[in-house]
Amino acid sequence: MRAQENSVYQLRIGDPKRQYLVQVQPGQIVDTHRRRAVTMTQMVQSLESATYILIGEQHDNAKHHQFQAEVISALVRAGRSVIVGMEMFDRTKQHPLNLWTLGRLSEAEFIQQSDWQNQWGFDYALYRPIFEVVRQNRLRLVALNVPRTLVRQVARDGWQSVPLDERLGLSDPDLSQTEHRLLFDALMGGHPGNPRLDAIYPAQVVWDEGMANSAIRYMERTVPSPRSAFVIIAGNGHVMYDVGISLRLRQRGVRETAVIVCLPDSAPPVSVRASLGDFVWLPAEK
């Protein structure tokens, strides 16, 4: 579905100073603050002040993952100390991720030991460019997600059903963020007041808060560097409009964040709300 055909890319939420529309040509990266196309190098220069860089995706879009890998490579070339955090793994799989960074696993061993099929399930080949960049540059790779069992329990029985010792250090989910709820409803194709979505929404918040918590916990155990760049790879629904993971980071005192949104492939140009992300990229449809 092309971006201009899907109102989720034109919601009136996010930064109130960027409620205007910007047009994106196929193949362009657009800086939504300056309302102009930029090169990869120019984007990376603009990201100098950002410690956490969130790059959204459509999970089944190979172009998105190639672009994410290119952004990571460009950050490395710019001299950033890059860490890559991924939604695709939960915290229990951190050890094989460490081994992958160190070059101690073959690809087949990594797929098996990380339990890729059950952890994520999308074709591994889609994500290969990211893993190859990580390995070639010996970048630290971080499992951001909380176990699916926790998310499912919250969706089914609510947060209060989770025993205190199984909450992984997470506080009660903040369900008061109205713009995040508007985005969630739009992504789910529903409307406010839908009882089914009311039950599922807390699980979405726990998902975002868990990934923000994982990223901060990892950085707290890392030697601080002004050149650090923690790249977060996650679905667009977790990063769009700066109301997902980045909001949960800010609630924990983090301010230096930036959001890049990868749009669906398109042949014609598309118009999106500028508040969608700090940068948007439109892959050309063949």
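Just so you know, all these numbers are worked out from the coordinates, no wet-lab data involved. On a predicted model such as this, the values are computed, not experimentally measured, just so you know. All Cβ positions, even for glycine, are placed from backbone atoms using ideal geometry, and neighbour counts span all protein chains on display.
Annotations
- Cα-based reach from K93 at 12 Å (exclusive), listing aspartates and glutamates while leaving out same-chain residues under 8 positions away: D115
- Cβ-based net charge around L249, under 11 Å, with every Lys or Arg adding one and every Asp or Glu removing one: 0
- For region 168-286, the relative contact order is 21 percent, taking Cα pairs closer than 8 Å that sit 6 or more residues apart in sequence and dividing their mean separation by the residue count.
- Local electrostatic count at I216 - Lys and Arg +1, Asp and Glu -1, tallied over other residues with Cβ under 14 Å: +3
- Put simply, when 164-173, 13-22, 208-217 are sorted by average Cβ atoms within 10 angstrom per residue, most first, you get 208-217, 13-22, 164-173.
- Normalised by 2.2 N^0.38 Å, where N is the number of residues, the alpha-carbon radius of gyration of the chain equals 0.96.
- Bridgeable aspartates and glutamates around K63 (alpha carbons under 13 Å apart, same-chain partners fewer than 8 residues away excluded): D265, E285.
- For a label point 7 Å along the Cα-to-beta-carbon line of L99, residues of region 115-132 with backbone N under 18 Å: 115-120, 131-132
- Computed [θ] at 222 nm, deg cm²/dmol, the chain (DSSP H ≥ 4; -39,500 (n - 2.57); rounded to nearest 500): -11500 deg cm²/dmol
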